[in-house]
Amino acid sequence: MGKNILAGAWFIAALGGTVTACRIGSASPMIYALVVGGLMLLGAAANLTMIPHPVWFSVMGVAGIVIAAWLGMTIMAGSANDTQ
């Protein structure tokens, strides 16, 4: 149960980080969102290599971060088009 909550927290952190980066970044918000997603992936990779995890958690955690970063950029790209 605890590892599922942790994977969900990684997903929520990546989603919130990319949405926030898109909102704050004025010049090119998608680049800022990609940087946040990349930093989340680097942090997850470091965590997964230093602390032993089950394979399903490694796959679920990394896939969740990638999906959340993409979803955050997609949501914000849609809202940017709505405001123009």
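The values are calculated or read from the model by the stated rules, or taken from the named source; none is laboratory data. Every value quoted in this text rests on a predicted model; they were computed, and no experiment measured them. Methodologically, a virtual Cβ is constructed for each residue, glycine included, from the backbone with ideal geometry; neighbour enumeration extends over all protein chains shown.
Quick look at the values:
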item	result
Failed item, numbered, when Leu34 is tested on (1) touching a helix residue (DSSP H, G or I) at 6+ places or on another chain (Cβ under 7 Å); (2) under 10 Å from Ala69 (Cβ atoms)	(1)
Total residues in the range 1-45, condition part of a loop (DSSP other than H, G, I, E, B) and over 16 Å from Met76 (Cβ atoms)	1
First in the range 39-68 and among the small types (Gly, Ala, Ser), second anywhere and at pLDDT below 95 and outside any helix (DSSP H, G or I), Cβ under 9 Å, 6 or more apart	Gly61/His53
